[in-house]
Every structure is written in structure tokens, then in C-alpha cells.
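To keep things clear, I will list the structure first and then write my remarks on it.
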Amino acid sequence: PLKDVVFAPTVVGEWSTRSTLVTEWVDGERLDRSSSDDVTVVCSIAMNTYLTMLLELGLLHCDPHPGNLLRVKEDGRLCILDWGMVTRIDKQRQLTLIEHMAHLTSADYAEVPRDLLLLGFIPQEKADLIEDSGVVDVLADIYGALTSGGGAAAINVPEVIAQLQDLTAQKGNL
């Protein structure tokens, strides 16, 4: 369903090497610098595209900074540039990510430590430490702020950093 609204530029195989990716030129403007009325729609397309790649296709473009997301001037489509860093996500990890999002959405924070372990954010030998670390409380505050509305602007980043620094000072690195 996204094929008509998002694309990657065609690779020029004869000029590309293992360390250099050359693609066709795309005439567009960075999403973060565009003043077009449809930028919010194109940003939504970008989110849908990344979620589709991650959760359905098991493929992820690993460099989604604003310079790699263009709004094509001619037709308003989204162009994702620089496919030099791509990773594959296996089916089990896709399922675990979906479960993690469900736990966050339903505020089932008791499952978050297990999710973090299964996703590889916590080493197996430190699994018992996550329960008492305070990390879940900090994450619950962040997720709660996000789901209560206001998006990322609802998060007090300096406060979150201070909370994480306090945890590190008290508990050390997990």
C-alpha cells in the first residue's frame, strides 16, 4: 500500500562498490526543511514505512536522519536515501518488538524487563538486576508521557537524563 508514496532511488550498480553506494539523483527537499503543507502527511508515511519494514518485512534502514528523508518536489512522494546501513530482523525479534509495544501501550510495565532481556538490551547474566534497577520506572515515566499526548515534546529530556545518571550512580551499569 505504500508503493505509490515512498521509494528508494535506483542504485547505479556499475559505479557502486562494496564500500560506496551510488544512486540516481532525486530532486527533493529534506523533510525538516520543507515548508510544504503536506509535510506532516509525508512524516506519517515515513513512520508507516519504517514500521512496515521493521515489523512486516524484517528489514531496517539504519540511518533515518533528516538528511536521508526527502520530499520529492515533483510529486510529494517520500524518498529514503542512503541504504548503506541495513539490517535484517528475524521473525522472533519482530514478534518480541510487537509484544513490547503492546506492553507499553497497555501500561503493562511488569513485562518490560522480560522484553528488554529478549530484545538483547540486557545481558542474560544480569537479568535478575533489572527488576530492582529503577530503569523500568524511568521507562514507564517516558512511555506514560508519550501516551498521554503531546508526543516527544511531553518528555522532559533533561529530567530523564538526570534520572538515568542517578540510576547509574546508585546501581552502576547493568
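The values are calculated or read from the model by the stated rules, or taken from the named source; none is laboratory data. None of the values given here were measured: they were computed from a predicted structure. We place every Cβ from the backbone using ideal geometry, glycine too, and count neighbours over all the protein chains shown. Accessible surface is based on the protein model in full, side chains and every heavy atom, while ligands, DNA and RNA are left aside. Shrake-Rupley method; radii C 1.70, N 1.55, O 1.52, S 1.80 Å.
Observations on the structure shown:
- Selection count, the stretch 27-55, where residues are small (Gly, Ala, Ser), outside any loop (DSSP other than H, G, I, E, B) and in contact with a Lys or Arg (Cβ under 6 Å, 6 or more places away or on another chain): 1
- Of residues in the stretch 7-24 being farther than 19 Å from VAL72 by Cβ and among the charged types (D, E, K, R), the one modelled with the highest pLDDT: GLU14
- All positions within the stretch 84-103 that are free of Cβ contacts under 8 Å to residues at least 40 places away in the same chain and either among the basic types (Lys, Arg) or assigned to a helix (DSSP H, G or I) (or both): ARG88, LYS91, GLN92, ARG93, LEU95, THR96, GLU99, HIS100, MET101, ALA102, HIS103
- Residues (assigned to a helix (DSSP H, G or I), modelled with pLDDT of 85 or more and open to solvent by 50 Å² or more (accessible area, probe 1.4 Å)) located in the stretch 104-118: GLU111, ARG114, LEU118
- Top-ranked residue of the stretch 60-80 - restricted to ones that are touching a helix residue (DSSP H, G or I) at 6+ places or on another chain (Cβ under 6 Å) and closer than 20 Å to SER35 by Cβ, ranked as least open to solvent (accessible area, probe 1.4 Å): LEU78
- Residue among GLY58, GLY67 that alone is in contact with a Lys or Arg (Cβ under 8 Å, 6 or more places away or on another chain) and under 21 Å from PHE121 (Cβ atoms): GLY58
- As a summary of the residue check, PHE121 satisfies the conditions (1) over 18 Å from the mean Cα position of the chain (by Cα); (2) open to solvent by 30 Å² or more (accessible area, probe 1.4 Å); (3) modelled with pLDDT of 75 or more except for the one numbered (1).
- Residue pairs meeting the criteria (Cβ under 8 Å; at least 6 apart or on separate chains; first loosely packed, with under 13 Cβ neighbours inside 10 Å, in the stretch 141-167; second modelled with pLDDT under 75 and assigned to a loop (DSSP other than H, G, I, E, B)): none
- Residue in the stretch 59-71 that is part of a loop (DSSP other than H, G, I, E, B), more than 27 Å from GLY144 (Cα to Cα) and more than 12 Å from the chain's Cα centre (by Cα) present: no
Conditions (1) more than 30 Å from LYS3 (Cβ to Cβ); (2) without any contact (Cβ under 8 Å) to a residue 60 or more places away in the chain; (3) of a type in the set (Ser, Thr, Tyr), marked per residue:
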position: GLU74; (1), (2), (3): no, yes, no
position: CYS79; (1), (2), (3): no, no, no
position: TYR109; (1), (2), (3): yes, yes, yes
position: LEU116; (1), (2), (3): yes, yes, no
